[in-house]
Amino acid sequence: MTGSGASDDDDAALRKMRFLFNLRSRGVTDARVLTEMERVDRALFVRGLFLERAYEDTPLPISCGQTISQPSVVGIMTQALNVGPRDTVLEVGTGSGYQATILSGLARRVYTVDRHRRLVQEAETLFRHLALTNITALTGDGSYGLPEQAPFDRILVTAAAEDPPGPLLAQLKKGGIMVLPVGQSDAVQSLIKVTRTETGYDYDELRPVRFVPLVGGVAAD
Ligand code: SAM
(Lines give C-alpha, C1' and ligand atoms only; values in the text may rest on other atoms or scores of the structure.)
Protein backbone atom coordinates (compact mmCIF):
# COMPACT_ATOMS: atom_id res chain seq x y z
CA MET A 1 0.00 0.00 0.00
CA THR A 2 1.31 3.41 -0.89
CA GLY A 3 -1.57 5.65 0.17
CA SER A 4 -2.17 7.17 -3.28
CA GLY A 5 -4.76 5.70 -5.64
CA ALA A 6 -2.62 6.03 -8.78
CA SER A 7 0.38 4.34 -7.12
CA ASP A 8 -1.83 1.50 -5.83
CA ASP A 9 -2.96 0.91 -9.42
CA ASP A 10 0.69 0.97 -10.55
CA ASP A 11 1.61 -1.56 -7.83
CA ALA A 12 -1.23 -3.87 -8.88
CA ALA A 13 -0.25 -3.62 -12.56
CA LEU A 14 3.38 -4.37 -11.71
CA ARG A 15 2.41 -7.38 -9.58
CA LYS A 16 0.27 -8.73 -12.43
CA MET A 17 3.11 -8.22 -14.93
CA ARG A 18 5.53 -10.11 -12.67
CA PHE A 19 2.96 -12.87 -12.12
CA LEU A 20 2.53 -13.36 -15.88
CA PHE A 21 6.27 -13.07 -16.52
CA ASN A 22 6.94 -15.86 -13.98
CA LEU A 23 4.34 -18.08 -15.65
CA ARG A 24 5.83 -17.54 -19.13
CA SER A 25 9.41 -17.98 -17.98
CA ARG A 26 8.46 -21.32 -16.34
CA GLY A 27 6.95 -22.67 -19.54
CA VAL A 28 3.30 -21.59 -19.52
CA THR A 29 2.84 -20.35 -23.09
CA ASP A 30 -0.74 -21.34 -24.01
CA ALA A 31 -2.61 -18.06 -24.62
CA ARG A 32 -5.97 -19.36 -23.30
CA VAL A 33 -4.38 -20.56 -20.07
CA LEU A 34 -2.47 -17.28 -19.61
CA THR A 35 -5.64 -15.26 -20.22
CA GLU A 36 -7.56 -17.26 -17.58
CA MET A 37 -4.72 -16.97 -15.08
CA GLU A 38 -4.57 -13.22 -15.65
CA ARG A 39 -8.35 -12.96 -15.16
CA VAL A 40 -8.63 -15.03 -11.96
CA ASP A 41 -7.32 -13.14 -8.92
CA ARG A 42 -5.33 -15.67 -6.81
CA ALA A 43 -5.66 -13.35 -3.78
CA LEU A 44 -9.33 -14.38 -3.47
CA PHE A 45 -8.22 -17.94 -2.65
CA VAL A 46 -5.62 -17.07 0.00
CA ARG A 47 -6.28 -15.84 3.55
CA GLY A 48 -4.72 -13.73 6.30
CA LEU A 49 -0.96 -13.44 6.53
CA PHE A 50 -0.43 -15.12 3.17
CA LEU A 51 -2.52 -12.61 1.23
CA GLU A 52 0.46 -10.39 0.48
CA ARG A 53 2.24 -13.38 -1.10
CA ALA A 54 -0.71 -14.31 -3.36
CA TYR A 55 1.10 -13.29 -6.57
CA GLU A 56 4.36 -15.07 -5.76
CA ASP A 57 5.15 -18.27 -7.64
CA THR A 58 4.93 -20.39 -4.54
CA PRO A 59 2.46 -22.80 -2.91
CA LEU A 60 0.76 -21.29 0.17
CA PRO A 61 -1.06 -22.80 3.17
CA ILE A 62 -4.89 -22.94 3.16
CA SER A 63 -7.40 -24.44 5.64
CA CYS A 64 -7.21 -28.09 6.84
CA GLY A 65 -3.38 -28.14 6.61
CA GLN A 66 -3.52 -28.19 2.79
CA THR A 67 -1.96 -25.93 0.14
CA ILE A 68 -2.93 -23.87 -2.88
CA SER A 69 -0.52 -24.99 -5.61
CA GLN A 70 2.28 -22.89 -7.11
CA PRO A 71 0.82 -20.77 -9.99
CA SER A 72 3.36 -22.00 -12.56
CA VAL A 73 2.49 -25.63 -11.71
CA VAL A 74 -1.24 -24.80 -12.06
CA GLY A 75 -0.40 -23.28 -15.47
CA ILE A 76 1.73 -26.23 -16.63
CA MET A 77 -0.92 -28.76 -15.55
CA THR A 78 -3.78 -26.81 -17.16
CA GLN A 79 -1.78 -26.40 -20.36
CA ALA A 80 -0.97 -30.14 -20.49
CA LEU A 81 -4.66 -30.94 -19.98
CA ASN A 82 -5.50 -29.10 -23.25
CA VAL A 83 -9.10 -28.38 -22.21
CA GLY A 84 -11.64 -27.57 -24.92
CA PRO A 85 -14.80 -25.46 -24.51
CA ARG A 86 -17.09 -28.51 -24.78
CA ASP A 87 -15.20 -30.63 -22.25
CA THR A 88 -16.42 -32.04 -18.96
CA VAL A 89 -13.54 -32.00 -16.48
CA LEU A 90 -13.03 -33.76 -13.15
CA GLU A 91 -10.59 -32.21 -10.68
CA VAL A 92 -9.52 -34.32 -7.70
CA GLY A 93 -8.34 -32.06 -4.86
CA THR A 94 -10.47 -28.89 -4.74
CA GLY A 95 -8.27 -27.26 -2.08
CA SER A 96 -8.86 -23.51 -2.30
CA GLY A 97 -10.91 -23.74 -5.53
CA TYR A 98 -8.32 -21.76 -7.53
CA GLN A 99 -7.53 -24.49 -10.08
CA ALA A 100 -11.24 -25.32 -10.51
CA THR A 101 -11.99 -21.63 -11.19
CA ILE A 102 -9.36 -21.54 -13.94
CA LEU A 103 -10.75 -24.76 -15.44
CA SER A 104 -14.30 -23.36 -15.34
CA GLY A 105 -13.26 -20.59 -17.75
CA LEU A 106 -11.91 -23.15 -20.24
CA ALA A 107 -14.39 -26.04 -20.01
CA ARG A 108 -18.14 -26.58 -20.37
CA ARG A 109 -18.51 -28.19 -16.94
CA VAL A 110 -16.18 -28.84 -14.01
CA TYR A 111 -16.68 -31.33 -11.18
CA THR A 112 -14.27 -30.93 -8.29
CA VAL A 113 -13.97 -33.22 -5.27
CA ASP A 114 -12.06 -32.96 -1.99
CA ARG A 115 -11.92 -35.21 1.06
CA HIS A 116 -12.24 -32.14 3.38
CA ARG A 117 -15.86 -30.95 3.65
CA ARG A 118 -14.68 -27.58 4.97
CA LEU A 119 -12.55 -26.91 1.88
CA VAL A 120 -15.47 -27.82 -0.39
CA GLN A 121 -17.78 -25.45 1.52
CA GLU A 122 -15.28 -22.57 1.40
CA ALA A 123 -14.68 -23.14 -2.33
CA GLU A 124 -18.45 -23.24 -3.01
CA THR A 125 -18.83 -19.87 -1.28
CA LEU A 126 -16.18 -18.42 -3.62
CA PHE A 127 -17.75 -20.02 -6.72
CA ARG A 128 -21.09 -18.40 -5.78
CA HIS A 129 -19.38 -15.03 -5.17
CA LEU A 130 -17.78 -15.28 -8.63
CA ALA A 131 -21.12 -16.40 -10.17
CA LEU A 132 -19.51 -19.56 -11.59
CA THR A 133 -22.45 -21.76 -12.48
CA ASN A 134 -20.56 -24.52 -14.31
CA ILE A 135 -18.67 -25.91 -11.27
CA THR A 136 -20.05 -28.61 -8.97
CA ALA A 137 -18.01 -29.20 -5.80
CA LEU A 138 -18.45 -32.44 -3.85
CA THR A 139 -16.99 -34.00 -0.71
CA GLY A 140 -15.56 -37.49 -1.16
CA ASP A 141 -12.56 -39.68 -1.75
CA GLY A 142 -11.58 -38.59 -5.25
CA SER A 143 -9.44 -41.68 -5.85
CA TYR A 144 -12.72 -43.38 -6.80
CA GLY A 145 -13.65 -40.54 -9.18
CA LEU A 146 -17.32 -39.71 -9.61
CA PRO A 147 -18.97 -42.75 -11.22
CA GLU A 148 -22.36 -41.01 -11.53
CA GLN A 149 -20.91 -38.09 -13.52
CA ALA A 150 -18.37 -40.14 -15.56
CA PRO A 151 -17.02 -40.44 -18.18
CA PHE A 152 -14.83 -37.32 -18.33
CA ASP A 153 -13.00 -35.68 -21.24
CA ARG A 154 -10.29 -34.48 -18.89
CA ILE A 155 -9.18 -35.40 -15.35
CA LEU A 156 -6.76 -33.36 -13.24
CA VAL A 157 -5.44 -34.72 -9.95
CA THR A 158 -3.79 -32.22 -7.63
CA ALA A 159 -2.48 -34.66 -4.98
CA ALA A 160 0.11 -37.39 -5.53
CA ALA A 161 -0.70 -41.11 -5.76
CA GLU A 162 1.90 -43.85 -6.15
CA ASP A 163 0.18 -44.90 -9.39
CA PRO A 164 -2.72 -43.50 -11.40
CA PRO A 165 -5.87 -44.73 -9.55
CA GLY A 166 -7.72 -47.44 -11.52
CA PRO A 167 -11.19 -45.86 -11.17
CA LEU A 168 -9.88 -42.59 -12.64
CA LEU A 169 -8.34 -44.40 -15.62
CA ALA A 170 -11.67 -46.19 -16.15
CA GLN A 171 -13.66 -42.91 -15.99
CA LEU A 172 -11.56 -41.21 -18.70
CA LYS A 173 -13.21 -41.13 -22.16
CA LYS A 174 -11.36 -42.60 -25.15
CA GLY A 175 -9.24 -39.74 -26.51
CA GLY A 176 -9.37 -38.17 -23.03
CA ILE A 177 -6.40 -36.81 -21.07
CA MET A 178 -5.55 -37.10 -17.37
CA VAL A 179 -2.72 -35.10 -15.75
CA LEU A 180 -1.49 -36.12 -12.30
CA PRO A 181 1.56 -36.27 -10.02
CA VAL A 182 2.75 -39.81 -9.24
CA GLY A 183 5.32 -41.03 -6.74
CA GLN A 184 5.94 -41.36 -3.02
CA SER A 185 4.62 -38.50 -0.90
CA ASP A 186 7.96 -37.77 0.81
CA ALA A 187 9.99 -37.66 -2.42
CA VAL A 188 10.07 -35.65 -5.62
CA GLN A 189 7.24 -36.94 -7.81
CA SER A 190 6.70 -36.97 -11.58
CA LEU A 191 3.96 -35.04 -13.28
CA ILE A 192 2.54 -37.37 -15.91
CA LYS A 193 0.04 -37.06 -18.75
CA VAL A 194 -2.09 -40.12 -19.50
CA THR A 195 -3.94 -40.25 -22.84
CA ARG A 196 -6.63 -42.90 -23.30
CA THR A 197 -6.38 -44.41 -26.79
CA GLU A 198 -8.72 -46.82 -28.59
CA THR A 199 -6.77 -49.76 -27.20
CA GLY A 200 -5.16 -48.62 -23.94
CA TYR A 201 -3.30 -45.73 -22.34
CA ASP A 202 -0.21 -43.70 -23.36
CA TYR A 203 1.96 -42.23 -20.61
CA ASP A 204 4.20 -39.13 -20.93
CA GLU A 205 6.43 -37.87 -18.14
CA LEU A 206 6.30 -34.04 -18.02
CA ARG A 207 8.48 -32.79 -15.14
CA PRO A 208 9.39 -33.30 -11.47
CA VAL A 209 6.89 -31.84 -8.96
CA ARG A 210 6.08 -31.99 -5.26
CA PHE A 211 2.47 -32.41 -4.11
CA VAL A 212 0.67 -33.38 -0.90
CA PRO A 213 -0.38 -37.07 -0.97
CA LEU A 214 -3.69 -38.42 -2.23
CA VAL A 215 -5.13 -39.74 1.02
CA GLY A 216 -7.82 -42.43 1.18
CA GLY A 217 -11.23 -41.81 2.81
CA VAL A 218 -13.18 -38.68 3.73
CA ALA A 219 -11.60 -36.43 6.40
CA ALA A 220 -13.35 -35.62 9.69
CA ASP A 221 -13.43 -31.86 8.95
N1 SAM B 1 -6.25 -27.70 -6.56
C2 SAM B 1 -6.12 -27.03 -5.28
C3 SAM B 1 -6.19 -25.54 -5.42
O4 SAM B 1 -6.41 -25.03 -6.53
O5 SAM B 1 -6.08 -24.87 -4.38
C6 SAM B 1 -4.87 -27.46 -4.54
C7 SAM B 1 -4.98 -28.85 -4.07
S8 SAM B 1 -3.97 -29.31 -2.72
C9 SAM B 1 -2.37 -29.28 -3.40
C10 SAM B 1 -4.40 -31.05 -2.69
C11 SAM B 1 -5.82 -31.32 -2.24
O12 SAM B 1 -6.08 -32.70 -2.44
C13 SAM B 1 -6.08 -31.05 -0.76
O14 SAM B 1 -7.11 -30.12 -0.62
C15 SAM B 1 -6.47 -32.41 -0.21
O16 SAM B 1 -7.48 -32.34 0.78
C17 SAM B 1 -6.98 -33.11 -1.45
N18 SAM B 1 -6.99 -34.57 -1.38
C19 SAM B 1 -6.02 -35.42 -0.95
N20 SAM B 1 -6.44 -36.71 -1.08
C21 SAM B 1 -7.68 -36.65 -1.64
C22 SAM B 1 -8.63 -37.65 -2.02
N23 SAM B 1 -8.41 -38.96 -1.88
N24 SAM B 1 -9.80 -37.23 -2.55
C25 SAM B 1 -10.07 -35.91 -2.70
N26 SAM B 1 -9.22 -34.92 -2.35
C27 SAM B 1 -8.04 -35.30 -1.83
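The values are calculated or read from the model by the stated rules, or taken from the named source; none is laboratory data. Every value quoted in this text rests on a predicted model; they were computed, and no experiment measured them. With ideal geometry, Cβ positions are generated from the backbone for all residues, glycine too; neighbour counts draw on all protein chains shown. For the accessible areas, the whole protein counts, side chains as well, though only heavy atoms, and no ligand, DNA or RNA atoms are used. Shrake-Rupley method; radii C 1.70, N 1.55, O 1.52, S 1.80 Å.
Under 9 Å between Cβ atoms, at least 6 apart or on separate chains: pull out the pairs that start in the stretch 45-72 with a residue that is closer than 19 Å to GLN121 by Cα and polar (S, T, N, Q) and end on any residue that is part of a helix (DSSP H, G or I) and open to solvent by less than 30 Å² (accessible area, probe 1.4 Å). These pairs meet every condition: SER63/LEU119; GLN66/LEU119; SER69/MET77; SER69/TYR98; SER69/GLN99. Considering only the stretch 188-217, state which residues are modelled with pLDDT under 95, more than 19 Å from THR78 (Cβ to Cβ) and open to solvent by 80 Å² or more (accessible area, probe 1.4 Å). Across the stretch 188-217, the qualifying residue is only VAL188. Summed over the stretch 41-62, the residues that are within 9 Å of the ligand (Cβ to nearest atom) and not aliphatic (A, V, I, L, M) give a count of 2.
Of the helices (runs of 4 or more DSSP H) lying entirely inside the stretch 30-137, those carrying at least 3 residues that are surrounded by fewer than 17 Cβ atoms within 10 Å (Cβ to Cβ) are 31-39, 117-129. Scan (1) within 11 Å of the ligand (Cβ to nearest atom); (2) open to solvent by less than 20 Å² (accessible area, probe 1.4 Å); (3) part of a loop (DSSP other than H, G, I, E, B) for the single condition SER185 breaks and write down its number. Of everything listed in (1) within 11 Å of the ligand (Cβ to nearest atom); (2) open to solvent by less than 20 Å² (accessible area, probe 1.4 Å); (3) part of a loop (DSSP other than H, G, I, E, B), SER185 misses just condition (2). Which ones in the stretch 68-96 are of a type in the set (Gly, Ala, Ser), over 16 Å from ASN22 (Cβ atoms) and within 12 Å of the ligand (Cβ to nearest atom)? Answer for the stretch 68-96, where residues must be of a type in the set (Gly, Ala, Ser), over 16 Å from ASN22 (Cβ atoms) and within 12 Å of the ligand (Cβ to nearest atom): GLY93, GLY95, SER96. Out of ALA161, ALA220, ALA137, one residue alone is without any contact (Cβ under 8 Å) to a residue 24 or more places away in the chain and not charged (D, E, K, R). It is ALA220. For the residues GLY65, GLY105, the requirement of being more than 9 Å from the ligand (Cβ to nearest atom) and not charged (D, E, K, R) singles out GLY105.
Just one of the listed residues (TYR55, TYR144) is over 11 Å from the mean Cα position of the chain (by Cα), modelled with pLDDT under 95, under 28 Å from ARG207 (Cα atoms) and of a type in the set (Ser, Thr, Tyr), and it is TYR55. Entry remark, the stretch 144-180: residues being assigned to a helix (DSSP H, G or I), out of contact with any strand residue (DSSP E or B) (no Cβ under 7 Å at 6 or more places or on another chain) and within 24 Å of ALA220 (Cα to Cα) number 2 in total.
Taken over the stretch 190-221, the criterion of being in contact with an Asp or Glu (Cβ under 9 Å, 6 or more places away or on another chain) and more than 10 Å from the ligand (Cβ to nearest atom) is satisfied by SER190, LEU191, ILE192, LYS193, VAL194, THR195, ARG196.
Considering each of GLY65, GLY93, GLY97 in turn, give the residue that is modelled with pLDDT under 95 and within 26 Å of VAL218 (Cβ to Cβ). After ruling out the rest, the residue left standing is GLY65.
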